[in-house]
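Participant: Dumping the structure here so I can ask a few things about it.
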Amino acid sequence: MVTMTPNVKRQSTTVSTAASRRSTRALTLVELLVVTVILVIGIFGIVRIFPLGLQSLNHARNMTAASRLAQAELERWKAASANVPDGILAEDPGTALKVRTDFNPDDMRTANSANPAEMPEGQDSWYWSNVNRVRLVKGETTVIPAPTLLPYAEGDQKNYAYSIYNLKFAPVQFSESDKGQNLPQGFEWPDQHVLIYGDPLTRVNVTGLSSDDRDNTLASVNRNNYAIDYDSGKVYLYSTWWTRRYKIDYAYWENNKLGNSTEILIVPGQSDRGEIVELQLEHGNIDDYSDRLARKFQYVQPGNFDDRNPYQFTLLNGYAQLDFAPTIGFNPIGRNVVVRTSLGQRPLTAHIDYEVLDWHVLREERTIPAPANVAPNYSVRLTLPNVKIARVTTVDGIETVNAPPGTRNVRKKYKGITPAMDGYSVVALDLTDNTLMVDNNGPGGLQVDYAAGIVRFPGSITKYTPFGGTLTNQDVRGHDVRIFYQAVDDWAVQTSKAWSNYQRRDVPGNSFENLQYNQFDARIQKKGGDWVATLTFPRSDAGKSIEVSLNWTDNDGATHTINGRQFQLPKFGQLGAGHPSIDVPFARSDEYTYPGDDEVWKNPYFTFVQGASIKVRAIWREKPQRWEMRTLETTLKRQ
């Protein structure tokens, strides 16, 4: 008898093995799919990390460049501390050279063209937005320099003597197109753009005097001082044979509000030399001791100086450079003049008010090595690459406020470094002979690699003289040059400065909005066991550094001094609706009894309250509507 059991077992084993192989193959495919998905997810993750890494690298590179630009600007001012302005402030859009105090100095918004408090009607909002909100330079200072002989044009053997001063910021908001416009009373062109005046004269206060006492006091008025009546707003000045103009700044009360005004007073020439001339200011009720009066410099055409009048200047730099306006030529006879002022006897000194056109025009200074050390063709690498190319670079228009949908960030062609220099991308001012060089990438012009940010000065370069003439085949080796350009991403370097010497003005109640750009309010109060002076400043001074010096007398009659103590005002974001203030502790309550109101000006006495620092801010765009910035600050006062 034959049994079949073994055959059945073998068949069962064969079927099980085949199924097992099929199962193994199926599991392997699933694993491959899982691995593939994991790899894809990983690759996508890595790919997403790369842009973030590149953005971080780009941000770090931009921060480094911003630090270099800001530090270079600070170093430039440290080397020129004698020229430090009284302040770099915000301009009131409604009035030329008038200061605005009610704004946030860190406001990077675009100006609202529909709001006359933010920008004048019909003007380009670019020049009133972000860093361009603060661009009014007041009181940049120079002693009249030694005369320099300037070339006129090719083949002209004559040289012309001027005392040359190059403004520290250029280009300047400046144009000949408004020569025929109505100017404020007493102003001459170009006073509304570049206003130059001397040291302040000594003040004589005749407010409240009787007629006889006033006449006796006015008899002491001479060419080195002036008299003022704060109630009536009348000023008294000494006359000479020649017409003179004076600039006066003052604050005034009107409808319980304090305003500030800049006016030009004209003293006609008198055949009876020495007559006292009475002049009426536009406002009465002048804030006591807020006035500052100085003789104004007169603008004349190049070559028309009067050898008897040291208070004259001209604007050099010829054709297209005139609107660029970096160079002032003073009458060289002023170099040897000594004048008597409220500051004592001093060499004739000029103080200059002007508007910076656009902080987005960058300035870098370089020294071209002397001929023995460098080949005729010398290249300068700028801090930033990607220089904007006139008539080529396409740029974003700045954000349009209240614009219909679809009109924001309109693309447009970049015209040139300034409106007056349409077609030019890079301009170099030779500080040695005050000539100008431009990029035309042809024979004689600056050769520029715009993408790399490299400017090449050829050994035979064409220069434009301060009088509009042309000089060819020039060599700039051994010269100092200042290079101007704009960079992609709308880079800008802005400088701001608190006022040089504030005046105390205790406003009624808490009406601190009445404080002017050069004023502070002081309240003496007890906090804990200390007497403190609480000093309050205009809102536009938020974040600035202040230096305070004061004297006080204790109950035993001993005088104590606090000299040059520095304080940082709160930043704008910390103010709410208030004004920046600081507490200056000066005495223990058991050492000092605060006097009555009639003694408030005497004890404590503030000898100085000064802006202690200069601040430089570099900004740029890393996204179309987001500004990045790097801010550096240092203690710096005029030396």
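The values are calculated or read from the model by the stated rules, or taken from the named source; none is laboratory data. From a predicted model like this one, the values you see are computed outputs, not experimental measurements. As a convention, Cβ positions derive from the backbone with ideal geometry for all residues, glycine included, and neighbour counts pool all protein chains shown. Just the protein is used for accessible areas: all its heavy atoms, side chains included, with ligands, DNA and RNA removed. Shrake-Rupley method; radii C 1.70, N 1.55, O 1.52, S 1.80 Å.
Participant: Could you list, in sequence order, all residues of region 412-429 that are over 15 Å from I389 (Cα atoms) and modelled with pLDDT under 85? I'd like the intermediate steps shown before the answer.
Facilitator: Pass one, region 412-429, residues over 15 Å from I389 (Cα atoms): 420, 428-429.
Listed by number, the list holds a single entry, A420.
Participant: Return only the number of the condition from (1) in a loop (DSSP other than H, G, I, E, B); (2) without any contact (Cβ under 8 Å) to a residue 40 or more places away in the chain that V507 does not satisfy.
Facilitator: (2)
Participant: Residue by residue through region 518-544, note down the ones that are open to solvent by 20 Å² or more (accessible area, probe 1.4 Å) and aromatic (F, W, Y). Write out each step before concluding.
Facilitator: We begin by selecting, within region 518-544, every residue open to solvent by 20 Å² or more (accessible area, probe 1.4 Å); these are 518, 523-531, 539, 544.
If the condition is that a residue be open to solvent by 20 Å² or more (accessible area, probe 1.4 Å) and aromatic (F, W, Y), then W531 is the only one that fits.
Results for (1) farther than 29 Å from N104 by Cβ; (2) at pLDDT below 85; (3) in a strand (DSSP E or B), shown as yes or no for each residue.
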| position | (1), (2), (3) |
| --- | --- |
| G564 | no, no, yes |
| H579 | no, no, no |
| E591 | yes, yes, no |
| Q610 | no, no, yes |
| I614 | no, no, yes |
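Participant: Against the condition part of a strand (DSSP E or B) and open to solvent by 10 Å² or more (accessible area, probe 1.4 Å), how does V448 come out, does it pass? Don't jump to the end; show me each part of the working.
Facilitator: On the way: part of a strand (DSSP E or B): yes; open to solvent by 10 Å² or more (accessible area, probe 1.4 Å): yes.
Here the answer is yes, as V448 does meet what is asked.
Participant: Got a number for residues in region 357-394 being of a type in the set (S, T, Y) and touching a Leu at 6+ places or on another chain (Cβ under 7 Å)? Lay out the reasoning, then the answer.
Facilitator: In the first step, residues of region 357-394 are kept if they are of a type in the set (S, T, Y); the result is 367, 378-379, 383, 393-394.
Then drop every residue that is not touching a Leu at 6+ places or on another chain (Cβ under 7 Å), which leaves 383.
Residues that pass the stated criteria total 1.
Participant: Kindly establish whether D521 is modelled with pLDDT under 95, closer than 24 Å to N104 by Cα, assigned to a loop (DSSP other than H, G, I, E, B) and of a type in the set (D, E, K, R). Walk me through it before giving the result.
Facilitator: Details: modelled with pLDDT under 95: yes; closer than 24 Å to N104 by Cα: yes; assigned to a loop (DSSP other than H, G, I, E, B): no; of a type in the set (D, E, K, R): yes.
No; evaluated as a whole, the condition is false for this residue.
Participant: Now a separate question. Please enumerate the residues belonging to region 372-394 that are under 30 Å from T142 (Cβ atoms) and assigned to a loop (DSSP other than H, G, I, E, B).
Facilitator: Once the filter is applied, which keeps residues that are under 30 Å from T142 (Cβ atoms) and assigned to a loop (DSSP other than H, G, I, E, B), region 372-394 yields L382, T383, L384.
Participant: Consider V131 against the criteria (1) part of a loop (DSSP other than H, G, I, E, B); (2) out of contact with any Gly (no Cβ under 7 Å at 6 or more places or on another chain): it satisfies all of them except one. Which criterion is unmet?
Facilitator: With (1) part of a loop (DSSP other than H, G, I, E, B); (2) out of contact with any Gly (no Cβ under 7 Å at 6 or more places or on another chain) applied to V131, the lone miss is (1).
Participant: Answer yes or no: is there a residue in region 228-249 that is under 26 Å from V99 (Cβ atoms) and touching a helix residue (DSSP H, G or I) at 6+ places or on another chain (Cβ under 9 Å). So that I can check it myself, show each step before the final result.
Facilitator: Step one: list which residues in region 228-249 are under 26 Å from V99 (Cβ atoms), which gives 228-235, 237, 244-249.
Then drop every residue that is not touching a helix residue (DSSP H, G or I) at 6+ places or on another chain (Cβ under 9 Å), which leaves 229.
Yes, that holds for at least one residue.
Participant: Please determine whether any residue of region 92-107 is open to solvent by less than 10 Å² (accessible area, probe 1.4 Å) and at pLDDT below 80.
Facilitator: Checked against the condition, which is being open to solvent by less than 10 Å² (accessible area, probe 1.4 Å) and at pLDDT below 80, region 92-107 yields at least one hit.
Participant: Shifting gears a bit: With (1) in contact with a helix residue (DSSP H, G or I) (Cβ under 7 Å, 6 or more places away or on another chain); (2) part of a loop (DSSP other than H, G, I, E, B) as the list, and A90 as the residue in question, which single condition is left unmet?
Facilitator: For A90, the exception is condition (2).
Participant: Another question about this same structure. Conditions: (1) basic (K, R); (2) surrounded by fewer than 23 Cβ atoms within 10 Å (Cβ to Cβ); (3) under 30 Å from F586 (Cβ atoms). R482 meets all but one. Number of the miss?
Facilitator: Failed condition: (3).
Participant: On to the next question. Taking only pairs six or more apart or across chains, which ones have beta-carbon atoms under 9 Å, a first residue in region 115-140 that is over 18 Å from Q192 (Cβ atoms), and a second residue that is of a type in the set (S, T, N, Q) and part of a helix (DSSP H, G or I)?
Facilitator: Once the first residue is over 18 Å from Q192 (Cβ atoms) and sits in region 115-140, its partners that are of a type in the set (S, T, N, Q) and part of a helix (DSSP H, G or I) give E118/S125; W126/N132; V134/S540.
Participant: Anything in region 545-575 that is more than 19 Å from N501 (Cβ to Cβ), surrounded by 15 or more Cβ atoms within 10 Å (Cβ to Cβ) and of a type in the set (S, T, Y)? List them, or say none.
Facilitator: Hit for region 545-575 is T553, nothing else.
Participant: To continue, here is another question. Do the conditions hold for F297, that is, is it open to solvent by less than 10 Å² (accessible area, probe 1.4 Å) and more than 23 Å from V99 (Cα to Cα)? Can you show your working first?
Facilitator: Numbers: open to solvent by less than 10 Å² (accessible area, probe 1.4 Å): yes; more than 23 Å from V99 (Cα to Cα): no.
In short, no.
Participant: Here's a follow-up. Looking at S496, S500, S540, which is the one that is within 28 Å of the chain's Cα centre (by Cα) and assigned to a helix (DSSP H, G or I)? Can you show your working first?
Facilitator: On the way: S496 fails: assigned to a helix (DSSP H, G or I); S500 fails: assigned to a helix (DSSP H, G or I).
Going through S496, S500, S540 in turn, just one is within 28 Å of the chain's Cα centre (by Cα) and assigned to a helix (DSSP H, G or I): S540.
Participant: Ok, one more. Among R346, R340, R381, which is the only one that is open to solvent by 50 Å² or more (accessible area, probe 1.4 Å) and modelled with pLDDT of 95 or more? Don't jump to the end; show me each part of the working.
Facilitator: Working: R346 fails: modelled with pLDDT of 95 or more; R340 fails: modelled with pLDDT of 95 or more.
Among R346, R340, R381, only R381 is open to solvent by 50 Å² or more (accessible area, probe 1.4 Å) and modelled with pLDDT of 95 or more.
Participant: Do any residues in region 285-309 that are in contact (Cβ under 8 Å) with a residue 60 or more places away in the chain and over 19 Å from Y236 (Cβ atoms) have Cβ atoms under 7 Å from those of residues that are aliphatic (A, V, I, L, M) and open to solvent by less than 70 Å² (accessible area, probe 1.4 Å), where the two are at least six apart or on different chains, and which pairs are they?
Facilitator: F297/I196; F297/A350; P302/L316
Participant: Here are some conditions: (1) modelled with pLDDT of 90 or more; (2) among the acidic types (D, E); (3) over 23 Å from W189 (Cα atoms). D272 meets all but one. Which one does it not meet?
Facilitator: Of the numbered conditions (1) modelled with pLDDT of 90 or more; (2) among the acidic types (D, E); (3) over 23 Å from W189 (Cα atoms), the odd one out for D272 is (1).
Participant: With respect to R273, determine if the residue is under 23 Å from G334 (Cβ atoms) and over 28 Å from the mean Cα position of the chain (by Cα).
Facilitator: Taking the combined requirement at face value, the residue satisfies it.
Participant: I'd like to know if region 237-258 contains one or more residues that are at pLDDT below 90, more than 22 Å from N518 (Cα to Cα), crowded, with 19+ Cβ neighbours inside 10 Å and under 29 Å from the mean Cα position of the chain (by Cα).
Facilitator: No, region 237-258 contains no residue that is at pLDDT below 90, more than 22 Å from N518 (Cα to Cα), crowded, with 19+ Cβ neighbours inside 10 Å and under 29 Å from the mean Cα position of the chain (by Cα).
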